[in-house]
1. In the range B:156-174, which residue that is in a strand (DSSP E or B) and more than 16 Å from ligand 2 (Cβ to nearest atom) is nearest to B:Leu203 (Cα to Cα)?
2. Looking at the range A:229-259 only, could you name the residues that are touching a residue at least 40 places away in the same chain (Cβ under 8 Å), in contact with a Phe, Trp or Tyr (Cβ under 8 Å, 6 or more places away or on another chain) and within 14 Å of chain B (Cβ to nearest Cβ)?
3. Tell me which residues, restricted to the range A:8-24, are part of a helix (DSSP H, G or I) and open to solvent by 30 Å² or more (accessible area, probe 1.4 Å).
4. Within the range A:216-228, track down each residue that is open to solvent by 30 Å² or more (accessible area, probe 1.4 Å) and at the interface with chain B (Cβ under 7 Å from one of its Cβ atoms).
5. Any residue at all in the range B:8-19 that is more than 16 Å from ligand 1 (Cβ to nearest atom) and over 20 Å from B:Pro233 (Cβ atoms)?
6. What residue, of A:Ala239, A:Ala302, is open to solvent by less than 50 Å² (accessible area, probe 1.4 Å) and either more than 13 Å from the chain's Cα centre (by Cα) or under 30 Å from A:Val96 (Cβ atoms) (or both)?
7. Kindly indicate whether B:Arg137 is basic (Lys, Arg), more than 7 Å from chain A (Cβ to nearest Cβ) and open to solvent by less than 20 Å² (accessible area, probe 1.4 Å).
8. Would the range B:123-131 turn up any residue that is more than 8 Å from chain A (Cβ to nearest Cβ), buried (at least 22 other Cβ atoms within 10 Å of the Cβ) and in contact with a strand residue (DSSP E or B) (Cβ under 9 Å, 6 or more places away or on another chain)?
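The values are calculated or read from the model by the stated rules, or taken from the named source; none is laboratory data. Model, not experiment: these values are computed from the prediction. Virtual Cβ from ideal backbone geometry, glycine too; neighbours counted across all protein chains shown. We work out accessible area using only protein heavy atoms, side chains counted, and drop any ligands, DNA or RNA first. Shrake-Rupley method; radii C 1.70, N 1.55, O 1.52, S 1.80 Å.
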Amino acid sequence: MLHLLSGDKPRSVVLTIILLVILISLAFAPFLFPGVRSLETAARICIFIVLVASYDLLLGYSGIVSFAHTMFFGLGAYGVALSSIHMGRGYDALIVGTVLGAIAAAALAWLIALFSLRVRAIFFAMITLAVASAVAVLVSQLSGLTGGEDGLNYKIPRDLTPANRLGEFLGVKVNGKTLNYYLVFFGSAALFLLLLRVVNSPFGRVLQAIRENDFRAEAVGYRVVWYRTVATCLSAATAALAGSLFAIWLRYVGPDTTLSFEIMLDILLMVVIGGMGTMYGAILGATLFVLAQNYLQTLMGAASEATHSLPLVPHLLDPDRWLLWLGVLFVLSVYFFPTGIVGRLRNGR
Amino acid sequence: MSQTLLETKDLTVRFGGHVAVDAVSCAFHAGELTAIVGPNGAGKTTYFNLISGQIPASAGSVSLLGEEVTKFSVAQRCRAGLGRAFQLTNLFPNLSVLENVRLVIQAHRNKGFSLLSMADSHHELTVEARAVLERVRLDTMEDQKVTELSHGNQRKLEVAMLIALDPMVYMFDEPTAGMSADEAPVVLDLIAELKAERERTILLVEHKMDVIRALADRIIVLHNGALAADGDPAEVMASDVVQEAYMGKALENV
Ligand SMILES: Nc1ncnc2c1ncn2[C@@H]1O[C@H](COP(=O)(O)OP(=O)(O)O)[C@@H](O)[C@H]1O
Ligand SMILES: [Mg+2]
């Protein structure tokens with residue numbers, strides 16, 4: 001077990017318990033929370049955990065700021081969509097799309113890194129912003145290929161769709177969607193464990209050293225540019241793989257679900273809320289954030305109803321204000337947990 | 001003379017119009033400890049920066065073990081056998097003491113691009129790192145973060161990281177600056193030990209005359225970036241150049 005976690009223990013009893021609760025909830029989500037909407041939420045949490053963890057590899061472990069993470073996520077998603085359309089529905093299309101998406105992401109990351117990381121790390125942030133905007137524009141312009149703003153619908157193997165009925169288990173109808181969920185769950189788990197291994201490898205230690213003091217890292221013999229470049233490619237490829245899982249799950253890709261700058265901001269918030277440079281922070285950040293995104297409105301609607309006799313309060317709690325409250329939650333969490341939830345739990349304060 | 005490990009030829013750097021290091025030609029040999037002296041601002045640290053590659057030279061060349069390295073990056077020079085401890089403490093502040101040293105040994109052993117093994121499973125690196133920490137008497141603090149260490153202990157760690165690198169050329173830039181009187185000997189004894197090994201060459205920037213007298217085989221004097229004297233310690237120390245420099249007078253007439 002410890003080997004699976006690469007020796008990186010949660011190092012806090014509370015954190016361990018929270019992580020176990022999340023793990024069990026996600027592992028048995030189809031049976032614990034039957035219903036289309038809750039399964040959608042669970043799958044989204046799994047995928048965002050990987051997406052956020054891969055961003056943490058860059059931001060938290062390597063000290064590199066990138067604004068192109070959704071672009072890489074999108075490359076994986078569009079890879080699956082395009083291959084499924086052009087090769088026809090089938091597992092081969094899923095595999096080809098996934099592999100090509102990851103390779104394209106790594107190659108693009110390599111180019112961006114080589115052009116900008118040699119100069120200065122801050123330059124990298126600006127280049128990623130420019131490239132990501134250009135790609136977003138390109139995707140919406142090339143509507144013949146990408147479906148433009150409408151995105152693409154496509155078919156995946158029937159085994160993974162609700163049409164594939166498999167009977168009942170524990171009183172819950174099991175079908176292809178359940179299988180699809182487990183593909184997402186185990187795929188995400190494997191990718192997360194892989195990232196956890198990378199940050200605890202000799203390579204991961206070098207990244208931390210570079211983050212701490214790149215000048216000295218170079219002076220003891222590490223070629224800083226190469227380490228940063230490899231970290232960038234790895235992070236991009238993992239984001240693309242998460243994107244492929246997302247595409248397989250949704251059977252739809254569009255600029256809003258994969259490429260948008262809003263998602264980029266969400267990822268940033270999730271890393272910061274969870275705790276940068278901890279990996280486990282990705283699990284907490286993504287879970288909390290996706291839950292809030294999906295259920296805050298419902299919760300506020302209920303609260304608004306319950307307080308309808310009071311003055312002002314129901315207006316403040318109106319579901320339309322959910323973004324405002326999400327903002328407030330974010331500010332509070334950064335204020336009270338500057339090192340993220342994981343940092344806070346580990347320090348025991 | 002024994003083997004030349006490091007040589008600079010007409011090494012020069014200009015910052016704007018100011019010549020900080022001025023055509024310094026000097027060779028350093030195996031088994032030799034060379035003290036580099038000169039008043040503040042003489043260009044000692046800048047000379048080190050040129051040798052280790054932090055600053056590109058305006059003119060001249062550096063060779064290491066017979067190979068010209070003037071065009072090499074800092075990391076490449078390090079890999080070619082050059083090791084440097086810094087005047088201003090320059091560590092990995094939020095990592096543990098052990099990790100700081102372990103990282104150096106890992107670089108030396110070329111394990112940096114191992115992505116899928118666990119860092120802690122490379123026991124041999126940890127064992128080596130502990131042995132180095134023992135030499136500087138920091139072994140009891142291996143789990144502390146660098147930021148929790150006293151200034152003196154940070155200086156010791158700085159030296160430990162250089163020893164962990166096991167270079168052919170050791171460069172120490174005021175290694176005992178700011179250390180208390182009872183801490184400095186640990187570092188000085190270590191330098192003496194390294195010197196006794198006789199295979200490497202050691203460059204030591206140091207102000208304290210008693211330290212130089214005890215350790216140096218040779219002294220070079222930098223003044224306004226230029227080489228003002230080079231030779232046997234007793235002779236150089238007796239010379240007008242050093243007398244004036246350390247009396248605090250300007251050396252306008254050298
Ligand atoms: N990067 C730099 N840019 C401009 N001037 C510099 C730079 N580095 C050093 N100098 C100048 O070069 C001279 C030598 O400095 P330094 O090598 O630090 O002296 P020392 O170590 O002998 O006290 C000083 O006048 C200093 O201001
Ligand atoms: Mg100096």
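1. Pass one, the range B:156-174, residues in a strand (DSSP E or B): B:169-173.
Retained after the next criterion (residues that are more than 16 Å from ligand 2 (Cβ to nearest atom)): B:169-170.
Details: B:Val169: 8, B:Tyr170: 6 Å.
Among those that are in a strand (DSSP E or B) and more than 16 Å from ligand 2 (Cβ to nearest atom), it is B:Tyr170.
2. Once the filter is applied, which keeps residues that are touching a residue at least 40 places away in the same chain (Cβ under 8 Å), in contact with a Phe, Trp or Tyr (Cβ under 8 Å, 6 or more places away or on another chain) and within 14 Å of chain B (Cβ to nearest Cβ), the range A:229-259 yields A:Thr229, A:Ala231, A:Thr232, A:Cys233, A:Ser235, A:Ala237.
3. Of everything in the range A:8-24, those that are part of a helix (DSSP H, G or I) and open to solvent by 30 Å² or more (accessible area, probe 1.4 Å) turn out to be A:Val13, A:Val14, A:Thr16, A:Ile17, A:Ile18, A:Leu20, A:Val21, A:Leu23, A:Ile24.
4. Matches in the range A:216-228: A:Glu218, A:Arg223.
5. Quick first cut of the range B:8-19, residues more than 16 Å from ligand 1 (Cβ to nearest atom) only: B:9-10.
Pick out the ones that are also over 20 Å from B:Pro233 (Cβ atoms) and you get B:9-10.
Checking the range B:8-19: at least one residue is more than 16 Å from ligand 1 (Cβ to nearest atom) and over 20 Å from B:Pro233 (Cβ atoms).
6. Details: A:Ala302 fails: open to solvent by less than 50 Å² (accessible area, probe 1.4 Å).
Every option except A:Ala239 fails the conditions.
7. On the way: basic (Lys, Arg): yes; more than 7 Å from chain A (Cβ to nearest Cβ): yes; open to solvent by less than 20 Å² (accessible area, probe 1.4 Å): no.
So B:Arg137 does not fit the description; no.
8. No, the range B:123-131 contains no residue that is more than 8 Å from chain A (Cβ to nearest Cβ), buried (at least 22 other Cβ atoms within 10 Å of the Cβ) and in contact with a strand residue (DSSP E or B) (Cβ under 9 Å, 6 or more places away or on another chain).
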